[in-house]
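Comments concern the structure below.
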Protein chains: 2
Amino acid sequence: MKRNVLVIGAGGVAHVVAHKCAQNNKLLGDINIASRTVGKCEAIIDSIKEKGNLQSPGVLRAHQLDAMDIEATKALIRATKSQIVINVGSPFLNMSVLEACIGTGAAYLDTAIHEDPSKVCETPPWYANYEWKRSQACKEAGVTAVLGVGFDPGVVNAYARFAYDNYFDQVDSIDIIDINAGSHGRYFATNFDPEINFREFTSTVWSWENSQWKANKMFEHGKEWDMPVTGKSMAYLTGHDELHSLSRFLDVPNIRFWMGFGEHYINVFNVLKNLGLLSEKPVLTARGQEIVPLEVVKAVLPDPASLAAGYTGKTCIGDLLKGTKDGQPKEVMIYNTCDHEECYAEVGSQAISYTAGVPAVAAAILIAKGTWDSKCMVNVEEQDPAPFIALMNNMGLVTRIKDEHGDRLLEPMREMASSEPEKRFATA
Amino acid sequence: MKRNVLVIGAGGVAHVVAHKCAQNNKLLGDINIASRTVGKCEAIIDSIKEKGNLQSPGVLRAHQLDAMDIEATKALIRATKSQIVINVGSPFLNMSVLEACIGTGAAYLDTAIHEDPSKVCETPPWYANYEWKRSQACKEAGVTAVLGVGFDPGVVNAYARFAYDNYFDQVDSIDIIDINAGSHGRYFATNFDPEINFREFTSTVWSWENSQWKANKMFEHGKEWDMPVTGKSMAYLTGHDELHSLSRFLDVPNIRFWMGFGEHYINVFNVLKNLGLLSEKPVLTARGQEIVPLEVVKAVLPDPASLAAGYTGKTCIGDLLKGTKDGQPKEVMIYNTCDHEECYAEVGSQAISYTAGVPAVAAAILIAKGTWDSKCMVNVEEQDPAPFIALMNNMGLVTRIKDEHGDRLLEPMREMASSEPEKRFATA
């Protein structure tokens, strides 16, 4: 039974993670939050108290930490007796925090792939460039590391695995579709750190086509998707973390990620990109200041956390799997819809942060209980998705399924009982 | 007879001014070019030699100068024995350079109104906030100062005066229309210093309507104009220097300035403005750097001087005057068209810099000859426009007129001979 959580980061996702940990502190124990700016951690703690989200009296503490400093992170893990570290800071920190976990035996969780600030376009699969290189070290140290356990990557990987195991003889394609049909009412804003957000769209768009990597350009391929609840939306082929593990762990020849964008977003993005303002390479101003244009764009854009208050509408993120079952073509959509205003009422966040943060805490609970405490490094789809999906149904992220039998709540145990025994998940 | 010229500035307009001075150095004497960055002055001198634009053997010299330093500027004026200073540096320098001229007796010329870096929107008429406050000092010192003698302001003021004096009993409106129908082939660029360029369009758009100032917003009023040579173009009511003197010196109730913009320019401008990237107020980046967003935008945009090589197409800038003559409605268009490629062939510049630089040198020639050596501060429309227009016809900027008699070369003396004697310019 693992206890005591160290949350690293104090942005929008960390805010949700801390609230959700607090709501489950009987099981999870002490909740510690660490960031470069301790004041941001303290603000999160204040908001937990304000919302009354601490399940039972217990430790809730803020810490100043530069998580690039492995020794300092190890010291904080030890000092707080944390057995679970949820890394929801910048993706530039992943490898340092992972190393601190390997050094202390704490379980490691994150929600995005490691990034190097100086590299934007890397060779797929991206996990092989960083995290997977420490897989053997995790095994030797008996350290549980669950990579990419936000919503996408994370929940969508579990959806893919669940559908792959339970509904198909053969899967031909997985299309992961991420639509935010919400409105923040600002001229323009990104829903999470602009620096990370734009980096996603300025690099090569890798997709998995006919069992090999295909390089595309951003906004090169667009398609209108008719999603449950949010309706018709344009979404564009986008490079995304989950393709880099799903392509390895599931035998599916076509795996694609589609992100919804409105015309206005695309226009602003294109202007900034074409002008060179999304560049991470420094430029020299006429006054002789050296500055990274992307950091200036980040500075003028609204703080993503500030969007939460007025955010309305819903997100819909899901996996559409196509394949065959008993010689017949089959199509399954597994999805979640999440309401911005409801998220704000519960934890003071918008739905983008909420959908990314809740799964990490669900995974922490499964590790604490031993269900997912694998003592090695895994991507989400390597674990049994059933308890994860079932747990989230009671944590604010409800999963639904749409197939030839209709559109219904996905209750994993019931679905599995009705599918063929030999196709069930091996460890279920 | 005033001789020896000091050119202050080493940007696109200064480049043209230096070339044109060199082409007239028998009259103008020594040509000195001073800028903060002496290398830019040297590059201009190299290009003059390369193009063979030095009329006769003579002094052509580069100097390092911070023109905000009045004493240093006075010292350089004295050291170079310059009797004419052409200030084509940043408009932030005007008042300092003017002061140096008042202190040394040199004639002063500029092509744009003084600006304070910390103020964008000022009370009209703008000249009253800065230059005109030194009018009495010029008179006492016997210093000739010709304000705003580029194309617009400058030539368009002379056009307005010439038409006002020669073709009308009463003028109801002057519309100054500035169309650049050229193409630089880049995604986006400004034709002169982006910092100054954008400041023009982020401030309140003042127009002179029914003999009073009216505040408008940028891109609030657009109109399609059918211009000679360049044809139909959309142009938008824009705030511009010349309105701030024409409204004082000519008895015309409506004076407006229209700048041509394509949809693409407007889109990029609006994105940058709405995001706050055109702000001259510093922002703080996440890394703690304090930076002015507009300076970063300037740093990523092409250097206006670099556009010249591939620039194609033409500009058309002119004044459309409407009023009455002998009880009949009358309409006159006086205009210039200028070809980007021809400018590049002659002096290595594009037409925007060319049209701004040539008039300043024409004015310097008129001062050197005594024609415009008023020994006081004047705006262009206070001087006799005839010799100015006639001189430019032989310097690469040809003026044409279009009225009920057709579209023809404007030869001021011939036109004046055919208009009523009592309406002729007083000093002509």
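The values are calculated or read from the model by the stated rules, or taken from the named source; none is laboratory data. Please read these numbers as outputs of a predicted model, since none were measured by experiment. Please note: Cβ atoms are built from the backbone with ideal geometry, for glycine as well, and neighbour counts cover all protein chains shown.
Determine, yes or no, whether residue B:275 is within 10 Å of chain A (Cβ to nearest Cβ) and either touching a residue at least 60 places away in the same chain (Cβ under 8 Å) or of a type outside the set (Ser, Thr, Tyr) (or both). Taking the combined requirement at face value, the residue satisfies it. Evaluate the following for residue A:305: is it in contact with a Gly (Cβ under 6 Å, 6 or more places away or on another chain) and in the same structural domain as residue A:234 (by TED's automatic domain parsing)? Criteria met by residue A:305. The residue list B:272, B:277 contains one member that is part of a loop (DSSP other than H, G, I, E, B) and hydrophobic (A, V, I, L, M, F, W, C), which is B:277. Scanning region A:378-428 for residues being in a loop (DSSP other than H, G, I, E, B) and either charged (D, E, K, R) or modelled with pLDDT under 95 (or both) gives a total of 11. Just so you know, in region A:278-292 the residues that are closer than 24 Å to residue A:117 by Cβ and at the interface with chain B (Cβ under 7 Å from one of its Cβ atoms) include one that is surrounded by the most Cβ atoms within 10 Å (Cβ to Cβ), and it is A:291. Selection within region A:240-267: residues that are surrounded by fewer than 22 Cβ atoms within 10 Å (Cβ to Cβ) and touching a helix residue (DSSP H, G or I) at 6+ places or on another chain (Cβ under 6 Å). The member of this set that is nearest to the other protein chains (Cβ to nearest Cβ) is A:249.
Being outside any loop (DSSP other than H, G, I, E, B) and over 18 Å from the mean Cα position of the chain (by Cα) holds for only one residue in A:345, A:356, A:360, and it is A:345.
Go through region B:363-377 and give me each residue that's aliphatic (A, V, I, L, M) and either under 17 Å from residue B:395 (Cα atoms) or assigned to a loop (DSSP other than H, G, I, E, B) (or both).
Listed by number, the residues that qualify are B:363, B:364, B:365, B:366, B:367, B:368.
Could you tell me whether residue A:295 is within 26 Å of the chain's Cα centre (by Cα), among the acidic types (Asp, Glu) and more than 7 Å from chain B (Cβ to nearest Cβ)? Taking the combined requirement at face value, the residue does not satisfy it. Just one of the listed residues (B:60, B:98, B:93) is buried (at least 24 other Cβ atoms within 10 Å of the Cβ), at pLDDT 95 or above and of a type outside the set (Phe, Trp, Tyr), and it is B:98.
Within region A:214-256, the set of residues being of a type in the set (A, V, I, L, M, F, W, C) and without any contact (Cβ under 8 Å) to a residue 12 or more places away in the chain comprises just one member, A:215. Filtering region B:182-220 to residues that are in a helix (DSSP H, G or I) and aromatic (Phe, Trp, Tyr) leaves B:198, B:201. For region B:319-332, the criterion of being within 17 Å of residue B:152 (Cβ to Cβ), of a type in the set (A, V, I, L, M, F, W, C), assigned to a helix (DSSP H, G or I) and under 20 Å from the mean Cα position of the chain (by Cα) is met by none of the residues.
For residue A:273, state whether it is of a type in the set (Lys, Arg) and in contact with a strand residue (DSSP E or B) (Cβ under 9 Å, 6 or more places away or on another chain).
Working: of a type in the set (Lys, Arg): yes; in contact with a strand residue (DSSP E or B) (Cβ under 9 Å, 6 or more places away or on another chain): no.
When the stated conditions are applied, residue A:273 does not pass them.
The condition (being at pLDDT below 95 and more than 30 Å from residue B:266 (Cβ to Cβ)) is satisfied by just one residue among A:255, A:196, A:174, A:266: A:196. Which of the residues that make up region B:28-41 are closer than 20 Å to residue B:89 by Cβ and either basic (Lys, Arg) or crowded, with 16+ Cβ neighbours inside 10 Å (or both)? Within region B:28-41, B:28, B:30, B:31, B:32, B:33, B:34, B:35, B:36, B:40, B:41 qualify.
Before we move on, is residue A:162 assigned by TED's automatic domain parsing to the domain that holds residue A:227 and in a helix (DSSP H, G or I)? In short, yes. Could you tell me whether region B:173-181 includes any residue that is of a type in the set (Ser, Thr, Tyr), in a helix (DSSP H, G or I), more than 14 Å from chain A (Cβ to nearest Cβ) and over 18 Å from residue B:316 (Cα atoms)? No, region B:173-181 has no match at all.
Tell me the residue from B:168, B:201, B:188, B:162 that is of a type in the set (Phe, Trp, Tyr) and within 14 Å of chain A (Cβ to nearest Cβ), please.
Result: B:188 is the single residue among B:168, B:201, B:188, B:162 that is of a type in the set (Phe, Trp, Tyr) and within 14 Å of chain A (Cβ to nearest Cβ).
Among the residues making up region A:216-227, those that are exposed (fewer than 15 other Cβ atoms within 10 Å of the Cβ) and at pLDDT 95 or above are A:222, A:223, A:224, A:226. Looking only at residues in region B:100-139 that are of a type in the set (Asp, Glu) and not in a helix (DSSP H, G or I), the one that is nearest to residue B:72 (Cα to Cα) is B:110.
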